[in-house]
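In what follows, a structure is listed as structure tokens, so that the remarks can point back to it.
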Amino acid sequence: MKIAIFSNSGRASQNVSDALRTRIRFEHLTLDDAHPDIVITVGGDGTLLSAFHHYSEQLDKIRFVGIHTGHLGFYTDWRDYEVDKLVDSLAHDNGQSVSYPLLDIWVTYADGEQEKKLLALNESTLKKVTGTMMANVYIKDELFELFRGDGLCVSTPTGSTAYNKSAGGAVLSPGLDAIQISEIASINNRVFRTLGSPLILSPDEWVRIEPVRSRENLLTCDQILVENRAIKEVGFRISKKRINFAQYRHTQFWRRVSESFIGVKRNDNL
């Protein structure tokens, strides 16, 4: 088994990474940052998102494991003091995994350059730098509405607990292959009208957003700001690719939601 360690620059995370390397070598496992079978992230959800994008071309060959050195995250199952237990699980690995859906994004720029394709684990947003964003929203290439507001957020089920939730979107089970579109501060009055509620699209549907004015719009892919260029349109659909996590000990999704947002401690049978 080939293992990569992907850490943030914090002192606590670096200390855990050093301890991991020592224990992995002791177990005669192989460290390989270029072509790993397992990627262990040390930090938090932001670190795991960075690792996901770093290894996005190898997703079909990689399983991820997250160690959190701060607050409990949605993608990090292990604590910083559990290095020995984790390495023991690695040494007895039998290929067990759980997978989550991802978001395909394709961007067409106003200058006519070739379409750019992106992949997100959490979400993508399209916003206006200043003022109100106006955009035609198409579902399966049929005009659905003319949106007016700060922007739109398109998320995966696991990403539904992030920016999407802050924008008033629903929390979706990762067992659903679906994407969600949530409005960010939409304008609704006697003159302007949008649906005003989140949309959930099935795997055979897609959404295309066409800004009325191509300039001064910002596109994000997870925590990454996509290059600042005039955008003609952006499309989104559930991806055929998935992210895989090594299921040595994987916290049940609704337990994460309950503990993160409500603070309720569940029993071990949940």
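Determine which aspartates and glutamates satisfy two conditions relative to residue 116: a Cα distance under 18 Å, and not lying fewer than 8 residues away in the same chain.
Within reach: 57, 104, 210, 222, 227, 233.
Assign unit charges at the C-beta atoms only (+1 for Lys and Arg, -1 for Asp and Glu), then state the dipole size of the chain relative to its Cα centre in Debye, rounded to the nearest 20.
Dipole of the chain, to the nearest 20 debye: 520 debye.
Among [x] 19.8; [y] 19.3; [z] 20.9, only one was calculated for this model; which label is it, if the read-out is Kirkwood radius over Cα pairs in Å?
Derived directly from the coordinates: [x].
What are the radius of gyration and Dmax of the stretch 1-148, computed over its Cα atoms and given in Å?
Using the Cα atoms of the stretch 1-148, the pair Rg, Dmax is 19.6, 60 Å.
Lysine pairs in the stretch 117-230 with alpha-carbon atoms under 21 Å apart, 8 or more places apart or on different chains: how many are there?
On the way: 117/127; 117/128; 117/140; 127/165; 128/165.
Here the count comes out as 5.
Of all GluC sites (Glu not before Pro) in the stretch 197-263, which ones are in loop regions per DSSP and have a Cβ with at most 16 other Cβ atoms within 10 Å?
Details: sites: 205, 216, 227, 233, 259; in loops: 205, 216, 227.
When the GluC sites (Glu not before Pro) of the stretch 197-263 are filtered for loop state and at most 16 Cβ neighbours within 10 Å, 205, 216, 227 remain.
What residue among 92, 53, 35 has the largest mean-square fluctuation in a Gaussian network model of the chain, using Cα springs under 10 Å?
Looking only at 92, 53, 35, the largest GNM fluctuation is found for 92.
Starting from 0.36 nm per residue, how many nanometres of slack lie between residue 218 and residue 241 once their C-alpha separation is accounted for? Mind dumping the intermediate values first?
Values: separation 23, 0.36 × 23 = 8.28 nm, distance 2.51 nm.
Gain on extension, residue 218 to residue 241, equals 5.8 nm.
What chymotrypsin sites (Phe, Trp or Tyr not before Pro) in the stretch 30-130 are in a loop by DSSP, with at most 15 other Cβ atoms within 10 Å of the Cβ?
Values: sites: 52, 55, 64, 74, 75, 78, 81, 106, 109; in loops: 55, 74, 75, 81.
Those that pass, being in a loop and sparsely packed, are 81.
Between residue 166 and residue 204, what length comes free when the chain is fully extended (0.36 nm per residue of separation minus the Cα-Cα distance, one decimal in nm)?
On the way: separation 38, 0.36 × 38 = 13.68 nm, distance 2.66 nm.
Going from the current span to full extension adds 11.0 nm.
Using DSSP to define loop residues, name the trypsin sites (Lys or Arg not before Pro) in the stretch 67-153 whose beta-carbon has at most 14 other beta-carbon atoms within 10 Å.
On the way: sites: 79, 85, 116, 117, 127, 128, 140, 148; in loops: 140.
For trypsin sites (Lys or Arg not before Pro) across the stretch 67-153 that sit outside H, G, I, E and B with at most 14 neighbouring Cβ atoms in 10 Å, the list reads 140.
Taken together, the values in this text are just the output of simple stated rules run on the coordinates, not laboratory data. As the structure is a computational prediction, the values presented were derived from the model and not from experiment. Methodologically, a virtual Cβ is constructed for each residue, glycine included, from the backbone with ideal geometry; neighbour enumeration extends over all protein chains shown.
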